[in-house]
Amino acid sequence: MRLLQASLRIFASPLIRFPAVRSQLIPPPTSATKVILKSAPAIPFLGSFFSSRSQSESQTSKMAPPPDNRSEDEWRAVLNPEQFRILRQKGTERPGTGEYDSHYPSQGVYTCAGCNAPLYKSTHKFKSGCGWPAYFDSIPGAVARHTDSSFGMERTEITCTNCGGHLGHVFKGEGYPTPTDERHCVNSISLKFTEGEGGGAKAKA
Ligand SMILES: [Zn+2]
């Protein structure tokens with residue numbers, strides 16, 4: 001009997017301590033953070049929080065090679081010279097010349113011109129007047145961000161998460177009346193538009 005009590009005490013004590021230890025080790029529940037992030041785009045002030053958060057998330061993905069990890073020669077074989085210059089060598093098309101600069105379809109998806117991964121929906125696009133297609137948001141997880149310190153500036157480069165192809169840059173806090181106050185400034189050459197696929201993707205999800 002005394003033995004049973006003793007073993008119960010031993011057994012019980014870690015149980016009492018355990019929740020306290022766990023709460024120290026585990027940061028605040030991520031589910032609560034996600035709820036805040038989801039509602040953030042509607043609130044301009046929190047929009048900047050949302051932006052910096054998604055930046056730090058995707059910068060971790062920079063460590064690993066993209067899933068579509070084709071060699072330079074393989075890309076040269078499937079891309080035309082201008083696509084190769086922009087997607088694989090981080091070039092920029094001249095402003096106002098791109099196929100999708102003044103392209104505002106009601107429904108559809110812009111996919112990566114390199115690997116075909118869906119990147120933006122037509123509903124993400126807005127008129128920025130900057131000379132390149134502009135999107136205030138992307139399909140979740142489709143676009144990765146990296147710090148770009150070229151040309152003596154600190155900018156945020158955006159690439160296709162799936163193949164690492166260069167899309168353009170993202171700018172925030174410019175005051176556009178969009179839910180995120182972000183502008184994904186994307187080369188048309190990096191994109192391919194498919195009409196109506198947005199509806200299909202929605203039905204699947
Ligand atoms: Zn891609």
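Hey, does the stretch 183-203 have a residue that's charged (D, E, K, R) and in a loop (DSSP other than H, G, I, E, B)? Break it down stepwise before answering.
Filtering the stretch 183-203 down to residues charged (D, E, K, R) leaves 183, 192, 195, 197, 202.
Within this subset, residues satisfying the condition of being in a loop (DSSP other than H, G, I, E, B) are none.
Within the stretch 183-203, not a single residue is charged (D, E, K, R) and in a loop (DSSP other than H, G, I, E, B).
Restricting to the stretch 127-158, and then to whatever is within 16 Å of the ligand (Cβ to nearest atom) and surrounded by fewer than 22 Cβ atoms within 10 Å (Cβ to Cβ), can you tell me which residue is nearest to Tyr104 (Cα to Cα)?
Ile139
Filter the stretch 98-111 down to the residues that are touching a residue at least 24 places away in the same chain (Cβ under 8 Å) and either hydroxyl-bearing (Ser, Thr, Tyr) or within 16 Å of the ligand (Cβ to nearest atom) (or both), then identify the one that is surrounded by the most Cβ atoms within 10 Å (Cβ to Cβ).
Residues of the stretch 98-111 that are touching a residue at least 24 places away in the same chain (Cβ under 8 Å), as a first pass: 98-101, 103, 105, 107-111.
Those left that are additionally either hydroxyl-bearing (Ser, Thr, Tyr) or within 16 Å of the ligand (Cβ to nearest atom) (or both): 100, 109-111.
Numbers: Tyr100: 21, Val109: 24, Tyr110: 30, Thr111: 22.
That would be Tyr110.
Does Thr147 satisfy the condition of being touching a helix residue (DSSP H, G or I) at 6+ places or on another chain (Cβ under 7 Å), of a type in the set (Val, Ile, Thr) and over 16 Å from Ile86 (Cβ atoms)? Outline the logic, then answer.
On the way: touching a helix residue (DSSP H, G or I) at 6+ places or on another chain (Cβ under 7 Å): no; of a type in the set (Val, Ile, Thr): yes; over 16 Å from Ile86 (Cβ atoms): yes.
Considered against the rule, which asks whether it is touching a helix residue (DSSP H, G or I) at 6+ places or on another chain (Cβ under 7 Å), of a type in the set (Val, Ile, Thr) and over 16 Å from Ile86 (Cβ atoms), Thr147 comes out as no.
For His124, only one of the following conditions fails: (1) touching an Asp or Glu at 6+ places or on another chain (Cβ under 6 Å); (2) more than 13 Å from the ligand (Cβ to nearest atom); (3) under 17 Å from Gly165 (Cα atoms). What is its number?
The failed condition is (3).
Restricting attention to the stretch 159-181, and to residues there that are within 20 Å of Ser149 (Cβ to Cβ) and assigned to a strand (DSSP E or B), which single residue is farthest from the ligand (Cβ to nearest atom)?
My answer is Lys172.
Mind counting the residues in the stretch 74-95 that are exposed (fewer than 14 other Cβ atoms within 10 Å of the Cβ) and within 20 Å of Glu182 (Cα to Cα)?
Of the residues in the stretch 74-95, 1 are exposed (fewer than 14 other Cβ atoms within 10 Å of the Cβ) and within 20 Å of Glu182 (Cα to Cα).
So in the stretch 112-121, with the set limited to residues that are surrounded by fewer than 21 Cβ atoms within 10 Å (Cβ to Cβ) and in a loop (DSSP other than H, G, I, E, B), which one is farthest from the ligand (Cβ to nearest atom)?
Looking at residues that are surrounded by fewer than 21 Cβ atoms within 10 Å (Cβ to Cβ) and in a loop (DSSP other than H, G, I, E, B), I get Asn116.
Hey, could you check the stretch 48-87 for residues that are at pLDDT 95 or above and among the hydrophobic types (A, V, I, L, M, F, W, C) and say which is farthest from the ligand (Cβ to nearest atom)?
Ala77
The values are calculated or read from the model by the stated rules, or taken from the named source; none is laboratory data. What you see is a predicted model; the values in this text were computed from it and never measured. All Cβ positions, even for glycine, are placed from backbone atoms using ideal geometry, and neighbour counts span all protein chains on display.
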